[in-house]
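Note sheet for the following structure.
The values are calculated or read from the model by the stated rules, or taken from the named source; none is laboratory data. On a predicted model such as this, the values are computed, not experimentally measured, just so you know. We place every Cβ from the backbone using ideal geometry, glycine too, and count neighbours over all the protein chains shown.
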C-alpha cells in the first residue's frame, strides 16, 4: 500500500484480526516521510455472494439487510447505531453457511432472526412478521 500523504511505499507495523467484522486492522508507517496511519481491510461481499431465493440467484446486498434490521429497530433511540453493529455481526455469522459463494436466503433470515432475538425481542417479532422463515406461514 502507498502512503496517503506522499504516495511512497509503507510497511505494516502492527496487524490484528477483527473477529466481529472478519476484517483486519493494520497500523502502517511510510518508509519515506514516517507518517503513521491505520487501515481497516474487510471482505466485500457484494460481488462474491449470491443469494438463492425461490430458485433464483441475486447479488448479496448489505444495504438491503441493513434496512430490514433498521426497520425492525425503529422503536429504539439508537436504531441507526444498533442496526449498523447488528448488520456486521450477522454478516460475520453468515460465513459458515456459504457454499461456493452462494448462501440461501433462509439462512440469512434465520441468522438475522436469531441475532435480533438475542438483542431485542420486539425487533425480532417485527422482523419475523415481514420475513417468515421456511416452513412457517406468512403473517399478514
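Summary table below
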{"quantity": "Residue match in region 55-64 (condition: on the phi > 0 side of the Ramachandran plot, free of Cβ contacts under 8 Å to residues at least 60 places away in the same chain and assigned by TED's automatic domain parsing to the domain that holds residue 125)", "calculated": "yes"}
{"quantity": "Criterion violated by residue 25 - all others in (1) outside any loop (DSSP other than H, G, I, E, B); (2) in the same structural domain as residue 115 (by TED's automatic domain parsing); (3) within 24 Å of residue 115 (Cβ to Cβ) satisfied", "calculated": "(2)"}
{"quantity": "Unique match (being in a strand (DSSP E or B) and surrounded by fewer than 16 Cβ atoms within 10 Å (Cβ to Cβ)) among 58, 81", "calculated": "58"}
{"quantity": "Identity of the residue in region 114-134, part of a loop (DSSP other than H, G, I, E, B) and surrounded by 13 or more Cβ atoms within 10 Å (Cβ to Cβ), that ends up modelled with the lowest pLDDT", "calculated": "132"}
{"quantity": "Odd one out for residue 115 among (1) assigned by TED's automatic domain parsing to the domain that holds residue 17; (2) under 18 Å from the mean Cα position of the chain (by Cα)", "calculated": "(1)"}
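For (1) more than 19 Å from residue 86 (Cα to Cα); (2) part of a strand (DSSP E or B); (3) within 14 Å of the chain's Cα centre (by Cα); (4) modelled with pLDDT under 85, each residue gets a yes or a no:
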{"residue": "6", "(1), (2), (3), (4)": "yes, no, no, no"}
{"residue": "11", "(1), (2), (3), (4)": "yes, yes, no, no"}
{"residue": "21", "(1), (2), (3), (4)": "no, no, yes, yes"}
{"residue": "29", "(1), (2), (3), (4)": "yes, yes, no, no"}
{"residue": "33", "(1), (2), (3), (4)": "yes, no, no, no"}
{"residue": "37", "(1), (2), (3), (4)": "yes, yes, no, no"}
{"residue": "44", "(1), (2), (3), (4)": "no, no, yes, yes"}
